[in-house]
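Peer 1: There's a structure below that I have some questions on.
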Amino acid sequence: MAKLSSRGRTCQVEVIREYDVETLQRGHDVRWNDGQPSLTVWERTTRRLMSDGKILEKRDVRFRPNPLCTWEDPRGEKHSYGWKIHGTLKAGLTAADFTRIYQAPRKRDGSPSPWTVTSGHVAAPVIISQRRIVAAIQSGESIGFCTECGAERDGCEPDARNYPCESCGQHAVMGAEELLIGMA
């Protein structure tokens, strides 16, 4: 796979959209109508506008855990489908236009855009939902969350602070209970 920065190109704007398990299940039910659970419990789509005008897209997912497989991660296996060309920016449009388009409210109902926009590949602000934190606490596993990238980390005490993140390397992992207390 070629590097994203090949041929001297750089990322101008990045947009991210995450899907939770309820949204994925609704989409599955509409498409298949088979009464089965969706195969994934989390998805993230990332699109980047590169300096050469190409729009690249990457899809990351977490599959539903398989209770019969004892060697798998009990939360489900993560998988990235890698970067692919999604399209090319139309002639005459700029990075500012790309940003404006992704920030615009939805046309059908005027609701806010589901996309989070970042400029120049600066990490998007991380929002860890209260529902996700409560689910981690109720699971009984020692789960923490990185406040920099939103990744989960196992082996965190409930009052953990500033543990190193296995995904981004920052010392920003907090225990789920500590995050919940901080929200109050």
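Peer 1: Here is a check on your reading of the model: is residue 26 assigned to a helix (DSSP H, G or I), modelled with pLDDT of 80 or more and either of a type in the set (Phe, Trp, Tyr) or surrounded by fewer than 15 Cβ atoms within 10 Å (Cβ to Cβ) (or both)? Before you say what the answer is, go through the steps one by one.
Peer 2: Working: assigned to a helix (DSSP H, G or I): yes; modelled with pLDDT of 80 or more: yes; either of a type in the set (Phe, Trp, Tyr) or surrounded by fewer than 15 Cβ atoms within 10 Å (Cβ to Cβ) (or both): yes.
Yes: the conditions hold for residue 26.
Peer 1: For residues that are of a type outside the set (Lys, Arg) and touching a residue at least 12 places away in the same chain (Cβ under 8 Å), tally how many sit in segment 20-62.
Peer 2: Start the filter on segment 20-62 by keeping residues that are of a type outside the set (Lys, Arg), which leaves 20-25, 27-30, 32-43, 45-46, 49-53, 55-57, 60-61.
From the residues that got through so far, the ones that are touching a residue at least 12 places away in the same chain (Cβ under 8 Å) too are 20-21, 24-25, 37-43, 45-46, 49-53, 55-57, 60-61.
Result for segment 20-62: 23.
Peer 1: Output the strands (runs of 3 or more DSSP E) that fall wholly within segment 77-184 and possess 1 or more residues being of a type in the set (Ser, Thr, Tyr) and within 23 Å of residue 46 (Cβ to Cβ), or say none. Quick ask: steps written out before the conclusion?
Peer 2: Numbers: elements: 78-80, 84-88, 116-119, 143-146, 152-154, 171-175.
Strands (runs of 3 or more DSSP E) meeting the threshold: 78-80, 84-88, 116-119.
Peer 1: Right, something else. From the residues in segment 155-175 that are over 17 Å from the mean Cα position of the chain (by Cα) and of a type in the set (S, T, N, Q), which one is surrounded by the most Cβ atoms within 10 Å (Cβ to Cβ)?
Peer 2: 170
Peer 1: Taking only pairs six or more apart or across chains, which ones have beta-carbon atoms under 7 Å, a first residue in segment 81-107 that is at negative phi, and a second residue that is exposed (fewer than 10 other Cβ atoms within 10 Å of the Cβ) and not in a helix (DSSP H, G or I)?
Peer 2: Hits for this filter: 105/111; 105/112.
Peer 1: Which of the numbered conditions does residue 91 fail, given that it passes all the others? Conditions: (1) of a type in the set (A, V, I, L, M); (2) surrounded by 14 or more Cβ atoms within 10 Å (Cβ to Cβ); (3) modelled with pLDDT of 90 or more; (4) more than 18 Å from the chain's Cα centre (by Cα).
Peer 2: Result: residue 91 passes all but (2).
Peer 1: Kindly establish whether residue 32 is in contact with a strand residue (DSSP E or B) (Cβ under 7 Å, 6 or more places away or on another chain), more than 15 Å from residue 87 (Cβ to Cβ) and among the hydrophobic types (A, V, I, L, M, F, W, C). Reasoning before the result, please.
Peer 2: Details: in contact with a strand residue (DSSP E or B) (Cβ under 7 Å, 6 or more places away or on another chain): no; more than 15 Å from residue 87 (Cβ to Cβ): yes; among the hydrophobic types (A, V, I, L, M, F, W, C): yes.
So residue 32 does not fit the description; no.
The values are calculated or read from the model by the stated rules, or taken from the named source; none is laboratory data. In this text the structure is predicted, and so the values were computed from the model without any measurement. Using ideal geometry, Cβ is built from the backbone for each residue, glycine included, and neighbour counts are taken over all protein chains shown.
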